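Asks: Provided herewith is a single structure, encoded as structure tokens, for subsequent inquiry.
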Amino acid sequence: MFAGHFAVAAAVKAKSPEVPLWSMMVSTQLLDILFVPLLLAGVEAIEPVGEGYGQHFIRADYSHALVTAVVVAAVVALLAGRAWGKRSAYILGALTFSHWLLDLLVHRADMPILPGNLGQLPLLGLGLWQSPALSMAVEGGLAVLGIILYVRSTLVRADSPKARGRALVASAVTGTLVALSLVTDVLGIGA
Ligand SMILES: [Zn+2]
């Protein structure tokens with residue numbers, strides 16, 4: 001789901017030019033960024049249930065617990081507020097939490113409410129990944145929409161040939177990033 005998360009960042013960037021794009025990209029992927037060291041340490045795991053796109057059961061009991069997502073989003077909002085003001089705090093906090101919501105849509109029921117699946121509460125996940133074609137269409141659609149919104153807004157704001165050149169470079173970089181992340185998702189690497 002790399003592409004879906006990046007696409008959300010690109011789409012929001014279109015409406016919030018004052019917040020740095022990198023901070024949005026990091027915010028939307030933060031839970032997966034936390035997942036990587038936990039995965040390497042063997043605390044969390046990916047269990048394949050088939051081949052390719054979305055065919056895995058993810059045991060991310062700490063990085064992808066609902067309460068973790070809320071706490072991480074609050075910390076991001078606090079830091080963003082100090083760095084770039086109140087509006088950025090809301091935007092980056094919401095973007096951080098959007099990762100959990102988007103994952104909820106695609107994950108099989110493997111996302112706990114409390115960190116470490118404390119209390120053995122029901123695991124959450126709507127399981128769109130069980131239909132690779134449908135979830136690929138949703139993610140591909142998000143990617144295209146995110147890129148279009150981003151490119152359009154950066155070009156509209158460019159008021160000189162030089163600014164237009166910069167906007168085109170930024171659009172190309174962002175578009176490539178989203179497209180590459182879509183490839184990694186389709187290959188079945190995206191968590
Ligand atoms: Zn995730």
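The values are calculated or read from the model by the stated rules, or taken from the named source; none is laboratory data. Model, not experiment: these values are computed from the prediction. Ideal geometry is used to build each Cβ from the backbone, glycine not excepted, and the neighbour counts take in all protein chains shown. Each accessible area value is taken on the protein alone, full model and side chains, heavy atoms only, with ligands, DNA and RNA left out. Shrake-Rupley method; radii C 1.70, N 1.55, O 1.52, S 1.80 Å.
Asks: Return the total of residues in region 1-25 being within 16 Å of the ligand (Cβ to nearest atom) and either free of Cβ contacts under 8 Å to residues at least 40 places away in the same chain or in contact with a Phe, Trp or Tyr (Cβ under 7 Å, 6 or more places away or on another chain) (or both).
Replies: 1
Asks: With respect to residue 122, determine if the residue is of a type outside the set (Phe, Trp, Tyr) and closer than 22 Å to residue 180 by Cβ.
Replies: For residue 122, the condition - of a type outside the set (Phe, Trp, Tyr) and closer than 22 Å to residue 180 by Cβ - is not met.
Asks: Which is within 24 Å of residue 14 (Cα to Cα), away from the ligand (no atom under 16 Å from the Cβ) and either modelled with pLDDT under 95 or in a loop (DSSP other than H, G, I, E, B) (or both), of 89, 74, 83?
Replies: Within the list 89, 74, 83, the selection yields 83.
Asks: Moving on. Are any of the residues in region 27-41 open to solvent by 60 Å² or more (accessible area, probe 1.4 Å) and part of a loop (DSSP other than H, G, I, E, B)?
Replies: yes
Asks: Testing residue 28 on (1) without any contact (Cβ under 8 Å) to a residue 60 or more places away in the chain; (2) out of contact with any strand residue (DSSP E or B) (no Cβ under 9 Å at 6 or more places or on another chain); (3) not acidic (Asp, Glu), one condition comes back false. Which one is that?
Replies: That leaves (1) as the condition not met.
Asks: Going by the conditions given, is residue 69 of a type in the set (Gly, Ala, Ser), assigned to a helix (DSSP H, G or I) and more than 23 Å from residue 111 (Cα to Cα)?
Replies: no
Asks: Of all residues in region 106-135, how many are in contact with a Leu (Cβ under 8 Å, 6 or more places away or on another chain) and either outside any helix (DSSP H, G or I) or buried (at least 16 other Cβ atoms within 10 Å of the Cβ) (or both)?
Replies: Of the residues in that region, 15 qualify.
Asks: Taking region 51-62 as the region of interest, how many residues are open to solvent by 60 Å² or more (accessible area, probe 1.4 Å) and either free of Cβ contacts under 8 Å to residues at least 24 places away in the same chain or part of a loop (DSSP other than H, G, I, E, B) (or both)?
Replies: 2
Asks: Is at least one residue of region 84-94 farther than 23 Å from residue 149 by Cβ, small (Gly, Ala, Ser) and open to solvent by 50 Å² or more (accessible area, probe 1.4 Å)?
Replies: no
Asks: Might you check whether a residue that is within 29 Å of residue 140 (Cβ to Cβ), assigned to a helix (DSSP H, G or I) and open to solvent by 40 Å² or more (accessible area, probe 1.4 Å) occurs anywhere in region 43-50?
Replies: No: zero hits.
Asks: Another one. I need a count of the residues in region 54-71 that are modelled with pLDDT of 95 or more and either under 17 Å from residue 94 (Cβ atoms) or away from the ligand (no atom under 13 Å from the Cβ) (or both).
Replies: Selection size over region 54-71: 6.
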